[in-house]
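The values are calculated or read from the model by the stated rules, or taken from the named source; none is laboratory data. Since this is a predicted model, take the numbers as computed values, not measurements. FYI the Cβ positions are ideal-geometry reconstructions off the backbone, even for glycines, and counts take in every protein chain you see. Each accessible area value is taken on the protein alone, full model and side chains, heavy atoms only, with ligands, DNA and RNA left out. Shrake-Rupley method; radii C 1.70, N 1.55, O 1.52, S 1.80 Å.
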Amino acid sequence: MNKLNKAYPVAIVGGGPVGLFLAILLRLRNIDCVVLEKRTSRITHSRSLGIHPVSLELMEEIGLANPLIEEGIKIRRGMAWSEHKKLGVLSFESCPGPYRFVLSLPQYKTEQLLENKLNNIDPRCLVRGARLAGLKQNRTSVDLSIQSEGRGGQSCSIRCNLLVGCDGNNSFVRNAAGFSFDGKQYPDTYVMGDFSDNTDLGNAAGIFLHSAGLIESFPLGRERRRWVVKTDHFIPSPDRTTLETMIRRRINHELSGTTNYMLSSFGVQKYLANPMANRRIFLAGDAAHIISPIGGQGMNLGWFDAHALSGHLKKMITGKADPAEQGEQYSASRRRAARKAARRAELNMRLGRSSLFPYPKNGLVWLMLNTPLKRLMAQVFTMRGLDKWPI
């Protein structure tokens, strides 16, 4: 808390991957900012994994593409099966270069590299243990009340010209500023677990379209692999026996004898803020939109928000544009991209649902992977064309 000044051009609430990336972009543009993060330390369990090629292109702009690649696993192809046969291979080699792969890297490692980069640029920018407790938007600024999460419970107030909420799906900024957040809960539920790898898939992803429901498997590095299994209902506290049994029954793969590192379950939602900007307050990442994690677009979509928003913030800070006008442009473009990403994620999710008659669905997947459509599908899966393409 003693690192805080009284005023900043930009304050960012949330020190996850989106907030850190936005702060780096701003500091590289010589715009002073502060990142307020309520956590006193980084969460070290794996959450988001996939970094898409378009995101690596953004990371190249800040000098982080190669460090991320050195830490991660390059997934150059995904192999798809029905319960009876192999349906095909989705290769990313046909995608535009230079990054013809999806990078698998646990989120905590991604955050660590982003935090190190920000600290090298400005060691005072990230303030941990600083929880936003209140905000008030004025005509020319936003006043923030900050509460310390450490011992003593200190509090202070700061002022910023512009405020960005990157504080996740339960965003304090979004709720306190009165943004609407419209959407729904899908009926789909999943169990996820990380195990030592006993497959012969190597660095490929495995997609199993069983009539009882989807199974996905991704390499994590360090001879570990993540398994995601579609379930009939939400399982609050899954155990490894439940996950192992579903995998054994559907694809005849045995996980007994492996080491289990993590187990969790999750449901799927779709929500979108309307708008994503209100005068001097902006939203990015999960604070602005929640989409299905099937397809691994969420974190990447937040980075696209941050990259676009950094240009708008630069214009506003330098007095070259009106905040209301820039907010309207930002909100309109990013809401379009989020809706498109949600539709793509929903298609992935629908293909993985259980079915009494799986043959039409499997036939569609076969066409996607064994005709000229496969080049388009590889680019759609890797998040190309969100701002321009009709699909």
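Things worth noting here:
- For the chain, relative contact order (Cα pairs under 8 Å, six or more residues apart, normalised by length) works out to 20 percent.
- For region 279-391, the dipole from Cβ point charges (+1 on Lys and Arg, -1 on Asp and Glu) about the Cα centre works out to 240 debye, to the nearest 20.
- Within the chain, DSSP assigns beta bridges of which about 75% are antiparallel (rounded to the nearest 5).
- Virtual paramagnetic centre 7 Å along Cα→Cβ of Ser333, amide N under 12 Å, in region 309-325: 309-315
- Backbone N under 14 Å from the Ser41 label point (7 Å along Cα→Cβ), restricted to region 103-129: 129
- Restricting the chymotrypsin sites (Phe, Trp or Tyr not before Pro) of region 194-228 to loop positions (DSSP other than H, G, I, E, B) with no more than 10 neighbouring Cβ atoms within 10 Å leaves nothing.
- Summarising the label geometry, the points placed 7 Å from Cα in the beta-carbon direction at Thr241 and Leu28 lie 5.1 nm from one another.
- Separation of the Ala7 and Gln185 label points, Cα + 7 Å toward Cβ, nm: 4.6 nm
- Of all accessible heavy-atom area on region 1-122, the percent that carbon and sulfur account for (1.4 Å): 45 percent
- Distance from the Cα centroid of region 250-286 to that of region 164-180 is 18 Å (rounded to whole angstrom).
- Distance from region 204-239 to region 68-86 (C-alpha centre basis), Å: 13 Å
- Rounded to the nearest 10 degrees, the inclination of helix 359-370 to the longest alpha-carbon principal axis of the chain is 70 degrees.
- Average accessible area per residue (Å²) across region 128-219 - probe 1.4 Å, nucleic acids and ligands excluded: 42 Å²
- Between Gly15 and Lys38, the built amide H atoms are under 5 Å apart, and every one of these is 5 or more places off in sequence or on another chain.
- Order of exposure, largest accessible area first, which applies to Asp197, Asp232 with probe 1.4 Å: Asp232, Asp197
- Using Cβ point charges alone (K and R +1, D and E -1), the dipole size of the chain about the Cα centre works out to roughly 600 debye.
- Segment Thr318..Glu70, full-extension length gain: 85.6 nm, with 0.36 nm per residue of separation and the alpha-carbon distance subtracted.
- Phi angles of region 98-109 translate, via the Karplus equation with coefficients 6.51, -1.76, 1.60 and θ = phi - 60°, into HN-Hα couplings of x, 9, 9, 6, 9, 8, 9, 8, x, 4, 5, 6 Hz per residue; Gly and Pro are given as x.
- For peptides 352-359, 320-327, 130-137, 288-295, sequence by mean Cβ density within 10 Å, most packed first: 288-295, 130-137, 320-327, 352-359
- Between helix 298-317 and the chain: long-axis angle, C-alpha atoms, 0 to 90°, nearest 10: 20 degrees
- Calculated [θ] (222 nm, deg cm²/dmol) that DSSP helices of n ≥ 4 give over the chain, each run adding -39,500 (n - 2.57): -10500 deg cm²/dmol
- Here r is the Cβ-Cβ distance between Asn260 and Gln137 and R0 is 41 Å; the resulting FRET efficiency, rounded to 0.05, is 0.30.
- Paramagnetic reach from Asn252 in region 66-87 [backbone N under 11 Å; point 7 Å along Cα→Cβ]: 84-85
- Taking all Cα pairs closer than 8 Å and separated by 6 or more residues, the relative contact order of region 158-229 comes to 25 percent.
- Per-residue packing, averaged as other Cβ atoms within 10 Å, sorts the ranges 297-306, 98-107 into the order 297-306, 98-107, beginning with the highest.
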